[in-house]
1. Which parts of the stretch 42-84 would a label at residue 120 reach, counting a residue when its backbone N lies under 15 Å from a point 7 Å out along Cα-to-Cβ?
2. Rounded to two decimals, what ratio of Rg to Rh does the stretch 35-127 give with C-alpha atoms and a Kirkwood Rh?
3. Could you tell me what percent of the accessible area of the chain is made up of carbon and sulfur, with a 1.4 Å probe and every protein chain present?
4. Could you pull out every residue, at least 5 positions away or on a different chain, whose amide H is within less than 5 Å of the one on residue 253? Hs are placed 1.01 Å off N in the peptide plane, and Pro or chain starts have none.
5. How long are the three semi-axes of the equivalent ellipsoid for the chain, computed from the Cα gyration tensor as the root of 5 times each eigenvalue, in whole Å, largest first?
6. Which whole-number value in Å² is the accessible area per residue of the stretch 88-153, probe 1.4 Å?
7. Say the dipole of the chain comes from +1 at the beta carbon of Lys and Arg and -1 at that of Asp and Glu; which of 231, 170, 129 then lies farthest toward its positive end?
8. Would you work out the relative contact order for the chain, in percent, from Cα pairs under 8 angstrom that are 6 or more residues apart?
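The values are calculated or read from the model by the stated rules, or taken from the named source; none is laboratory data. Values in this document were obtained by computation on a predicted structure and should not be read as measured data. In this analysis, Cβ positions are derived from the backbone assuming ideal geometry, glycine residues included, and neighbour counts consider all displayed protein chains. When the accessible area is computed, the model is the full protein with side chains, heavy atoms only, and any ligands, DNA or RNA have been set aside. Shrake-Rupley method; radii C 1.70, N 1.55, O 1.52, S 1.80 Å.
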Amino acid sequence: MKKTITLFFLLLVSVNNVNAQCTTGYNGSNTIFTEAVRTGQTFQVTCTGLLSTIVFNPTSPNVDDLRGQNVFVGVRLRDNAGAIIATATINGASNTDQWFNGATITADFTTANLTLTANTTYRWEVFETTDNIPLFLFGRNNSNPYALGNYFQNDSSFPGVDAEDWTVNVQANLSSELFEKENISVYPNPSNSIFNIENDNITKIEVYDLVGKLILKQENEFGVSSFDLNQYPTGIYFAKILNKNNQSNTIKLIKN
């Protein structure tokens, strides 16, 4: 028997194409030394929406290689006053030792269900979780390349200095101008491969991974649109749905 999950949500009436995601970050090639028990960076996003991931790609040849050292780091988010408002998982765990030059570390905040507000300052923080050991995890740039925030070493702010090789990804909320209620069925969800999205007005579906990469796009001429994610890893994906009136919204898909 086919299990159907019916989602009732609001779709924005808009004449513009609505992006499923907005990002902010800075990637550089500086190798200035930065060592701390807690390394952070303040930032702002240009859209209001759910925080999905913060991705780190350390490229400095001098960053500490934590593999096999019994040293682990976690990732969390603070508000502008310094209060911790969310903690990430990394590959399903609360911390990781897979930090090294050339690595990609994805801090997943989806279960926190945290909405970031546009043009508001937040601070991500990578912290050593084992023995308060100072670590060299980032290169930094002292010429203020990221104008929307600055580097933190423990609780000390360094104006005009920025950590390198990080990207914040937010699933953009649709602005609240004019809404109408739609009935959309998604089944099965979770799924091992095939997802079906049902609504008579759907014209296009775009599927994005957690870091905002478009992995699938298809037009829809019928009431049910089916697509296969079998070739993609287990995890969370986002389907951006557009209808005949150019209304748009984003729903979460869980791939087993």
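1. Only 43-52, 77-84 fall inside the zone, counting backbone N under 15 Å.
2. Across the stretch 35-127, the Cα-based Rg/Rh ratio is 0.97.
3. Ligands and nucleic acids excluded, carbon and sulfur reach 46 percent.
4. Answer set, sorted by chain and number: 237, 238, 239.
5. 37, 20, 15
6. Value returned for the stretch 88-153: 43 Å² of accessible area per residue.
7. 231
8. Averaging sequence separation for qualifying contacts and normalising by length gives 28 percent for the chain.
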